[in-house]
Structure formats: structure tokens, C-alpha cells
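A short write-up of the structure that comes next.
Throughout, read-outs are computed from the coordinates displayed, never taken from laboratory work. Note that the structure is a prediction, hence the values are computed from the model and not measured. Don't worry about glycine lacking a Cβ; one is built from the backbone with ideal geometry, like all the others, and counts go over all protein chains shown.
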Amino acid sequence: MNRITYMARLVVTVLFALALTLGLPAQMVQAQASTVTTSMIIPLGVFPVFIPCAAGGAGEVVELGGNLHVLFSTTVDDQGGFHAVSHFQPQGVTGTGLTTGDKYQGTGVTRDQFNGMVGFEFTFVNNFRIIGQGTGNNFLVHNTFHITVNANGDLTAFVDNFSVECK
């Protein structure tokens, strides 16, 4: 079995197991269109993030805290296709620089989408921003990942873009 075929089967197996763990009803396994959506708020506690452009370019650790809104939606269509979407978004995430005392806000969204049947498609987009007071201390992370594997297990599309920027 080639590596892509193995990876495709592994991803489908893991996502299907996750869907079952989230409490999908039994009729979703049948060839009947059905969607289940789960929404939750997760307290993040306090977590440190190093902002390299803060403190006049010297960098500093910012302790952030708040909530993360998480949304999962899973659909099995009437052709036997499987579609899963997840959405993660900080809510009320704020923090303080341990060196300067500057205030920061955490914003952004992370979203992924998985579509499968025979072959699969997976897209992941992450935008994470920590916005500080004043200029030059905003930390921006962006990641886009996409893969498509056809029914023969052949990789037909692959994108992996990652950037980190201070503004």
C-alpha cells in the first residue's frame, strides 16, 4: 500500500472515529443525508506566548487567557460521502506582557474541512493574531494546508503555506 493510500485511510478512520465519539446517531452510517452539529465554549486558562516583536523588538512573553469557541459539524450525504467541518475561535482572549505590562488581545479563527468518499479532500486554514497596544508589536500567524487524494490513492493537490509576521 503506498504512503498516500495509507494516509488517506488513516485520516478517514480517525475522522470517522471522532465523529462517532461526538455522538453521531446510528442512522448517519446508513445512506441517508444527516448532519450533526456540536458547539461548545472551552476555558483556556492562562498560557504564555512569546511575541518576538514586542518590547521594542526585544520580545516578551505574554500571558493570555480567555475562552475558545469550538464548533464541529458532520454530515453524511445520501451518496455515502462524509463531510466534516471544525471551527475554533478565541473569545475574550486577553493578556499582559510580562516585561512591559502592555495589554494584548487574542483574535483569529482556525477552520478545517474534510470531504471524503472514495478519495478525500482536506483543507485547514489557521489565522492567529495577538494584537498589542501601539505599533510594531502585533504577532500574526497564518497557515493554509490543503491535500486532495483521488479514488486511486494518488495525490492530486497539495498546498502548505505558513507565515509568521510582526507588524
* Asked: In sequence order, what are the phi-derived ³J(HN,Hα) couplings for region 38-53 according to the Karplus relation 6.51 cos²θ - 1.76 cosθ + 1.60 with θ = phi - 60°, rounded to whole Hz, with x for glycine and proline?
  -> 10, 10, 8, 10, 10, x, 8, x, 9, 9, x, 9, 7, 10, x, 9
* Could I have the simple spin-label model distance between Thr38 and Gln133, label points 7 Å from Cα toward Cβ, reported in nm to one decimal? => 4.0 nm
* Could I have the simple spin-label model distance between Glu63 and Gln79, label points 7 Å from Cα toward Cβ, reported in nm to one decimal? => 5.3 nm
* By average Cβ neighbour count within 10 Å, what is the ranking of 51-57, 33-39 from highest down? -> 51-57, 33-39
* Structure fact -> Classified through the alpha carbon gyration tensor (a ≥ b ≥ c as square roots of its eigenvalues; rounded if a/c is under 1.5, else prolate when a/b is larger than b/c, else oblate), region 42-138 comes out prolate
* Val109-Phe47 FRET efficiency (beta carbon distance; Förster radius 22 Å; 0.05 resolution) -> 0.75
